[in-house]
1. So for the stretch 4-20 (the condition being in contact with a helix residue (DSSP H, G or I) (Cβ under 9 Å, 6 or more places away or on another chain) and surrounded by 13 or more Cβ atoms within 10 Å (Cβ to Cβ)), does at least one residue qualify?
2. Go through the stretch 24-44 and count every residue that is outside any loop (DSSP other than H, G, I, E, B) and in contact (Cβ under 8 Å) with a residue 12 or more places away in the chain.
3. What pairs can you find where one residue is in the stretch 4-20 and farther than 12 Å from G34 by Cα and charged (D, E, K, R), the other is surrounded by 12 or more Cβ atoms within 10 Å (Cβ to Cβ) and at pLDDT 90 or above, and their Cβ atoms are less than 8 Å apart, with a gap of 6+ or different chains?
4. Looking at (1) within 12 Å of the chain's Cα centre (by Cα); (2) modelled with pLDDT of 95 or more; (3) over 16 Å from C11 (Cα atoms), which one does I30 not meet, given that it meets all the others?
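The values are calculated or read from the model by the stated rules, or taken from the named source; none is laboratory data. Because the structure is a prediction, the values reported are computed rather than measured. With ideal geometry, Cβ positions are generated from the backbone for all residues, glycine too; neighbour counts draw on all protein chains shown.
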Amino acid sequence: MADIDWEDPFCGEGANCFRIGTDADGNAYIAVAGQEDRPLVDTRDALRALIQEIKAGRADHLLKD
């Protein structure tokens, strides 16, 4: 596996923690904290687009009870 530079975990209530990382080849990684050996992998551009869409509120409907 690539040498991944992981950010500190982003945690919600309880043990719901995720980590985001990048590597020197332009890849971005998202993993459940503690399971970094099984990340979701895509490009940094794809991660950037995901974050922009979330910030724009386009995923808010997923958070409704």
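1. Yes: the stretch 4-20 contains one or more residues that are in contact with a helix residue (DSSP H, G or I) (Cβ under 9 Å, 6 or more places away or on another chain) and surrounded by 13 or more Cβ atoms within 10 Å (Cβ to Cβ).
2. Adding up the residues that qualify gives 10.
3. Going by the 8 Å Cβ cut-off, the qualifying pairs are D5/G21; D5/T22; D5/D23; E7/R19; E7/I20; E7/G21.
4. (3)
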